[in-house]
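The values are calculated or read from the model by the stated rules, or taken from the named source; none is laboratory data. Just so it is clear, the model here is predicted, and its values are computed rather than measured. Cβ placement follows ideal geometry from the backbone for every residue including glycine, while neighbour counts extend to all protein chains displayed. Surface areas here come from the heavy atoms of the whole protein model, side chains and all, with no ligands, DNA or RNA. Shrake-Rupley method; radii C 1.70, N 1.55, O 1.52, S 1.80 Å.
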Amino acid sequence: MVYVKEIYKGRFIPKNIIKYLGNPSNIIYRSSYELKFMNWCDQNESVVGWVSEEIAIPYRNPLDRKVHKYMVDFYAEIKQPDNKIKKYLIEVKPERFTKPPEKRRKTKKYLQEVAQYGVNEAKWKSARQFCKKQDLEFLIITEKDLRI
């Protein structure tokens with residue numbers, strides 16, 4: 001039996017470097033989902049431009065009540081069927097992290113999941129407010145959207 005290690009983190013090298021709006025030598029993916037989305041952005045003709053982790057949005061963390069920076073996974077400019085360019089902020093997450101954890105015995109793991117979900121909700125609320133002011137659309141993409 002051959003063991004194949006899954007790729008979770010690494011450096012992405014775009015084939016269509018002109019579409020990347022940031023520093024193309026410093027593109028880091030932190031999950032296989034992000035890697036798949038980067039490949040889609042790089043290869044899809046409708047994507048006019050994109051960037052990874054370049055936009056910071058302030059949000060108030062519900063745990064410590066302090067303001068932190070939320071580095072959104074992606075910004076993308078995508079040509080629509082009517083040839084207009086639509087701009088998006090995109091978070092790529094496993095679907096299980098987009099919903100509150102199912103209620104169960106209050107173990108340490110369960111409490112961590114509840115806390116992380118609360119932080120994610122605060123980030124996403126701030127992102128939606130930011131997008132509304134900037135004429136952007138905020139999307140959360142999961143493995144279902146990526147067809148994984």
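Residue-by-condition table, conditions (1) open to solvent by 20 Å² or more (accessible area, probe 1.4 Å); (2) over 13 Å from the mean Cα position of the chain (by Cα); (3) among the charged types (D, E, K, R):
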{"site": "Asp42", "(1), (2), (3)": "no, yes, yes"}
{"site": "Val67", "(1), (2), (3)": "yes, yes, no"}
{"site": "Tyr75", "(1), (2), (3)": "yes, no, no"}
{"site": "Asn83", "(1), (2), (3)": "yes, yes, no"}
{"site": "Thr107", "(1), (2), (3)": "yes, yes, no"}
{"site": "Leu111", "(1), (2), (3)": "yes, yes, no"}
{"site": "Leu136", "(1), (2), (3)": "yes, yes, no"}
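From the list Lys123, Lys109, Lys93, exactly one residue is of a type outside the set (A, V, I, L, M, F, W, C) and farther than 18 Å from Glu53 by Cβ. Which is it?
Result: Lys109 is the single residue among Lys123, Lys109, Lys93 that is of a type outside the set (A, V, I, L, M, F, W, C) and farther than 18 Å from Glu53 by Cβ.
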